[in-house]
Structures are given as structure tokens and as C-alpha cells.
Amino acid sequence: MLMHSSLAVTLTGTPLGLTAVKFWTRKKFKGTWTLKRHVNPTCVPIETKESYRWLENLRQSIALVGAPERCVHVGDRESDIYELFCLAQDLGTRFLVRVQTNRLAAAPDDAEPERGAHRVFEQLSAAPWAGRHCVKIGQNETARVHVKFATIETMPPVGKQKRYSPQLLTYVHALEIDPPADRPPIGWKLVTNLPVDDLAAAVEKLGWYALRWKAEVFHKVMKSGCRAEAARLETAERLAKFLALIAVVSWRIFFLTMSARAKPRAAPDSVLTGAEIAALERIDAARTRPRLERSTLAAYLLQIAMLGGYLARNHDPPPGNTVVWRGLTRLHDIAFGISIGARQRCG
């Protein structure tokens, strides 16, 4: 069974929850490349494709959020689907997708007529570089990238030009300057229906696309922390229910971790339950040197992370999802023990 989910995040990277989830199984083809050996995918209706889940999640997300004009749907190269672009325009929402396909483009006014068909990459390559930008990679590395953007009238696939109309889309290209030899260079081509008028707007879109990695972190919490792939259930229905349950658990672990980074001075009860706060305070009261000197979310989450093995040394990075998951598991066991000890017994 496969799972396709849509995660809502703020501009600071705090996960707000899942807006859509799709479960499915493959019956005939193993994947997209296997399908391409049998049929031309550009001529197949999108409703019959596995990639139709991107459109379904888009509709479900809009129905749940209820404010399409406030949403920007970010996707990787797998979501580079022309039907998705048209659906977003019809629903009045925005998208930001990493480009995979070099689509047909309308010829610019100054183009030579004998050159034949024009492509998006060709026109984007002809656009001048708008400037440079520095991107932080990991903890200690910074990369410099050239940034350019261009608005291009993009044509639908040849086999679907009767059904879909051309779209005026903006493309953003970031290419690393002098990349090191020990890793692939940074090279992003993004497409959006948002306006991009200057370098600052293009850099903003690069930052928004970088938030897409939050979805990968969420799935990592499901797989490593909650061990989703280790589940051995007899039916697909049971497996879907199990995945839906641990998706909520994984989101909360991720939410705790990122909330403490986004708003470290927030009150603990804005994220933690009363039982969790009470357990942490009882643990701290039993110490010879109390650690909870400040009643802030960051201080309380630090204690949860230390229950999970976080050392809290001066140069350590902020607590991650793994130690928070371990600490939260141990905290719940302690809170359960406290609740048992508090019960009155007869006899």
C-alpha cells in the first residue's frame, strides 16, 4: 500500500497538519517508467493515471482549508502535471512546482518563424540572470546561486490541446556558482502562477520551495519513529487505519519540535497537554538542581528531548524529531505511572 499526503506548513516551517491523504495499491504497473513502455502518457486521460492523486489532494486541501487564494501548493518534479496547473487556475489557488518536463511554449514576438517549435527551457535559458543569492546548506556550508526568472506562455501537451488551453506561467531558475566536487550542484527550475517581478520575489519562491522538505521529514518520522513500514496487518483496510492513526502521532511529534523553534518563548500549554506539563514538573521537582527555570515552550521541550537522550551541550543543534519522539514516549510512560499511583485504593 502506498500513501500520498499533503502537509500544511507556515512560512516559518511549522507543520499545521495534514490537509489530504490518499491510499492506493498498484495492481498492474510497477511505476511510471513501466507505464511509459506500454502507452504514451501524454495521450492518456489524467483520471486514469496514478498521478491523478495530485489533483485529488489539491481539491481535498482546498475543500478543507476553504481559502484557496491564501494557499500555495508546493510539489516536487512528480507534480509537474499540466492538468494540475489548469485545475489550480480553475479553483483560484496558487502552485509552486519543480519543473521536470520541457514543455512546448508559444513563440515570442521576436522569434524567427523558421525555427519551428519552441520550448520552455530554451526561452528560460535566453533570459538574463537577475542576480545572486546565498543558500545555507546544513549547519556550516553556504552556496551561491545565480537566479533568473521569465514569464512564458506554456502550451498543453500535443494530445490534449483540444481539452486544455495555454497557461501564462512564471519560471524561476537557480543554478549554483562554483559547486564543490563532493556533491551535485544546486540546480532548481520552478514554475508558478504567482507573479515574479524582481529578484526578491524570485528568491522568496526559492525559500517557499525549500519548505517542501518538511513533507519528507514528516514521512521520515512515520517510517523511523512510528515504524510504519514494519506493520504487518492482514488487510489493506486495517493498514490504512493504522497509517491514519500514526500520521496524527507523527504530525504531533513534528509539530512539537518545530513549534519550539518557531516560538521558543510561547507558553508550554499552547502545545503540551496538562498531564505532560504536570509530569515534567514532577520530574524536575525531584532533581537536586531544577532545570525548568523558565516557563517557556523551549525549556519544556528541552526536558522532553533530554528524556530521549539529548545531551544539550553548548554547541549541539536544536533537538530533532528522533529525540523528541523517544522523550515523548518515555514521558507518557511516566505520566501513566503517576496517574496509577494517584488512584485511591481500598483494602
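The values are calculated or read from the model by the stated rules, or taken from the named source; none is laboratory data. Treat the numbers as computed from the prediction; the structure is a model and nothing was measured. Neighbour counts are summed over all protein chains in view; Cβ atoms, including those assigned to glycine, are modelled from backbone coordinates with ideal geometry. These area figures cover heavy atoms from the full protein model, side chains too; ligands, DNA and RNA do not enter into them. Shrake-Rupley method; radii C 1.70, N 1.55, O 1.52, S 1.80 Å.
Just a few scattered comments:
- Qualifying residue in region 248-267 (condition: surrounded by 12 or more Cβ atoms within 10 Å (Cβ to Cβ) and more than 30 Å from A20 (Cβ to Cβ)): yes
- Close contacts from region 268-294, counting a first residue that is within 15 Å of R330 (Cα to Cα) and of a type outside the set (S, T, N, Q) and a second that is outside any helix (DSSP H, G or I) and open to solvent by 60 Å² or more (accessible area, probe 1.4 Å), with Cβ to Cβ under 9 Å and a gap of 6+ residues or different chains, come to D284/P290; D284/R291.
- A117 meets the conditions (1) closer than 15 Å to P156 by Cβ; (2) surrounded by fewer than 16 Cβ atoms within 10 Å (Cβ to Cβ); (3) modelled with pLDDT of 95 or more in every case but one. The failed one is (3).
- The lone exception for V203 - which of (1) at pLDDT 95 or above; (2) out of contact with any strand residue (DSSP E or B) (no Cβ under 8 Å at 6 or more places or on another chain) it fails: (2)
- Inter-residue pairs, beta-carbon under 6 Å, first more than 15 Å from D284 (Cβ to Cβ) and open to solvent by less than 50 Å² (accessible area, probe 1.4 Å) and in region 302-313, second part of a loop (DSSP other than H, G, I, E, B) and of a type outside the set (A, V, I, L, M), 6+ apart: Y310/P319
- When the test is whether a residue is modelled with pLDDT under 95, open to solvent by less than 60 Å² (accessible area, probe 1.4 Å) and aliphatic (A, V, I, L, M), A111 passes it.
- Qualifying residue in region 140-151 (condition: over 27 Å from the mean Cα position of the chain (by Cα) and either free of Cβ contacts under 8 Å to residues at least 24 places away in the same chain or closer than 22 Å to Y209 by Cβ (or both)): no
- Remark: pairs (first residue in region 45-56, over 15 Å from P157 (Cβ atoms) and without any contact (Cβ under 8 Å) to a residue 60 or more places away in the chain; second residue hydrophobic (A, V, I, L, M, F, W, C) and part of a helix (DSSP H, G or I); Cβ separation under 7 Å; 6+ apart in sequence or on different chains) = Y52/I46; W54/L84; L55/I46; L55/L84; L55/L87.
- When restricted to residues that are among the β-branched types (V, I, T) and open to solvent by 50 Å² or more (accessible area, probe 1.4 Å), region 153-187 contains 1.
- Residues of region 266-300 satisfying the condition of being farther than 23 Å from W251 by Cβ and either among the acidic types (D, E) or in a loop (DSSP other than H, G, I, E, B) (or both): E281, D284, A286, R287, T288, R289, P290, R291, L292, E293, R294, S295
- The one condition in (1) part of a helix (DSSP H, G or I); (2) of a type in the set (S, T, N, Q); (3) closer than 24 Å to A342 by Cβ that S259 fails to fulfil: (3)
- Whenever a residue of region 85-103 is open to solvent by 40 Å² or more (accessible area, probe 1.4 Å), its partners that are in a strand (DSSP E or B) and among the polar types (S, T, N, Q), lying with C-beta atoms within less than 8 angstrom and at least six residues away or across chains, give the pairs Q89/Q167; R94/T192.
- Take the conditions (1) over 27 Å from the mean Cα position of the chain (by Cα); (2) modelled with pLDDT under 90; V135 misses just one of them, which is (1).
- Residues located in region 314-340, provided they are open to solvent by 60 Å² or more (accessible area, probe 1.4 Å), of a type in the set (S, T, N, Q) and assigned to a helix (DSSP H, G or I): T322, T329
- Being assigned to a helix (DSSP H, G or I), surrounded by fewer than 20 Cβ atoms within 10 Å (Cβ to Cβ) and at negative phi is true of E204.
- Selection of region 163-199 for residues being part of a strand (DSSP E or B), under 17 Å from R132 (Cα atoms) and in contact (Cβ under 8 Å) with a residue 24 or more places away in the chain yields Y171, V172, H173, A174, L175, E176, W188, K189, L190.
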